[in-house]
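In what follows, a structure is listed as structure tokens, so that the remarks can point back to it.
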Amino acid sequence: MKRGLFILWLGLLIVGCAPRGEINHVPLAVGGEAAMRRVFVATNRNLAPDGDLNLVRQNFGAPRSRELRYGWADISIPPTHTQGEIEWPGRAKPDPRRHFVTRDGGPYAGDATAARRGFLDGLTAASQPGRKDVVVFVHGFNVNNAEAVYRVAQVSHDFDAQIPVVLYSWASAGKIRGYVYDRDSVIYSRDGLEEVLTDLADNGWRVTLVAHSMGSHLTIETLRQAAIAGNTKALKALRGVALISPDIDEDVFIQQASRIEPFPEPFLVLISTADSALNASAWLTGKQWRLGSMQDKTRLAGLPVDIVDLTEFTGGDKRKHNTAFTAPAAIKLLYKLEREIDKRH
């Protein structure tokens, strides 16, 4: 077995053996010093086999749905929380004093139109009076619904988000062997993400769009699609875009970006040359690197993007793929960048 293939196989084996995240429902979990974050969810994941549409019990699975579903979840963050971490209970009994747990949640009731209306009304109720700003987060490869929901809650808490946060939970297989399935799901999920962005724009919301890993590919494909379709309202509603550790071929990104008009600004691309997950992805595609691990920054010269290099930041996950969310120093840097963006608008 070639050395590169062996290293890739070993890395995937280690990741694949890690326990997967699950929704742990502990009613009335918030108390004492625990904090709570509400996560709004728009998803094209189909229902899991039990057929119970309930975000609390994480019954959205990998199968793709032709229609969007909307819901919400209240996540309790323990008082012992360490910045950048998601304190999963693992095999222990979920304890709100030590773990992330879900207090409440569920779908918005009614048919598709009523559920969409409930979702938009929920955002308004969670906003400061007179302010209609929202963050839309698009997760990456190999992420199940529970992991996506808890990650958004962690990011929202650690970045002290003052505006509602929406998770676009696209139909990832949630399996390390599902890379090709997830890439197909990216193409499948473009219409759903554009629908969410269009609904928000039509209702006067200004959107900060944040995407991670393969979710960045979905995001840039959706923006390109909207531009080609003449959906300028959705593009003009963007107050900023950040692609974090983007799992995209850099040539493809340049081609995608060239079709987007108007181009959202500011537009951040967060990279790390030490990102082992993207290095494995690059090996699979026969390239030296992916956009998120690129070593020649001049490749993006001429594009109105700002590159933020997180290579030297320590702490956080060992693969350097989630540095922006898990390394305290990076979180502080991005917190300052977000506040600067906020001042511009």
### Message
Name the single residue that is surrounded by the fewest Cβ atoms within 10 Å (Cβ to Cβ) among those in the range 214-241 being among the small types (Gly, Ala, Ser) and touching a residue at least 60 places away in the same chain (Cβ under 8 Å).
### Response
Gly240
### Query
What tally of residues in the range 64-82 results from selecting those that are farther than 15 Å from Arg37 by Cα and in contact with an Asp or Glu (Cβ under 7 Å, 6 or more places away or on another chain)?
1
### Task
Just one of (1) open to solvent by less than 50 Å² (accessible area, probe 1.4 Å); (2) over 20 Å from Glu85 (Cβ atoms); (3) of a type in the set (A, V, I, L, M); (4) not in a loop (DSSP other than H, G, I, E, B) trips up Ile307, so point out which.
(1)
#### Entry: Residue ID - farthest from Pro246 (Cα to Cα), chosen from residues in the range 272-288 that are open to solvent by less than 40 Å² (accessible area, probe 1.4 Å) and in contact (Cβ under 8 Å) with a residue 24 or more places away in the chain
Ala280
### Task
Could you tell me whether the range 89-112 includes any residue that is at pLDDT below 90 and hydrophobic (A, V, I, L, M, F, W, C)?
yes
### Query
What tally of residues in the range 244-261 results from selecting those that are in a loop (DSSP other than H, G, I, E, B) and open to solvent by 40 Å² or more (accessible area, probe 1.4 Å)?
3
### Query
Which of the residues that make up the range 58-87 are surrounded by 17 or more Cβ atoms within 10 Å (Cβ to Cβ), modelled with pLDDT under 90 and not polar (S, T, N, Q)?
Phe60, Gly61, Ala62
### Query
With Ala274, Ala227, Ala237 as the choices, which residue is in contact with an Asp or Glu (Cβ under 6 Å, 6 or more places away or on another chain) and of a type outside the set (Lys, Arg)?
Ala227
### Exclusive hit being outside any helix (DSSP H, G or I), touching a Leu at 6+ places or on another chain (Cβ under 9 Å), of a type in the set (A, V, I, L, M) and within 17 Å of Val196 (Cβ to Cβ), set Val269, Val241
Val241
### Query
Between a first residue in the range 93-112 that is more than 18 Å from Gln83 (Cα to Cα) and a second residue that is among the basic types (Lys, Arg) and surrounded by 19 or more Cβ atoms within 10 Å (Cβ to Cβ), which pairs have beta carbons less than 8 Å apart while being 6 or more apart in sequence or on different chains?
Pro107/Arg69; Tyr108/Arg116
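The values are calculated or read from the model by the stated rules, or taken from the named source; none is laboratory data. Since we're looking at a predicted model, the values are computed, not measured. As a convention, Cβ positions derive from the backbone with ideal geometry for all residues, glycine included, and neighbour counts pool all protein chains shown. Protein only, heavy atoms only, side chains kept; ligands, DNA and RNA dropped before computing areas. Shrake-Rupley method; radii C 1.70, N 1.55, O 1.52, S 1.80 Å.
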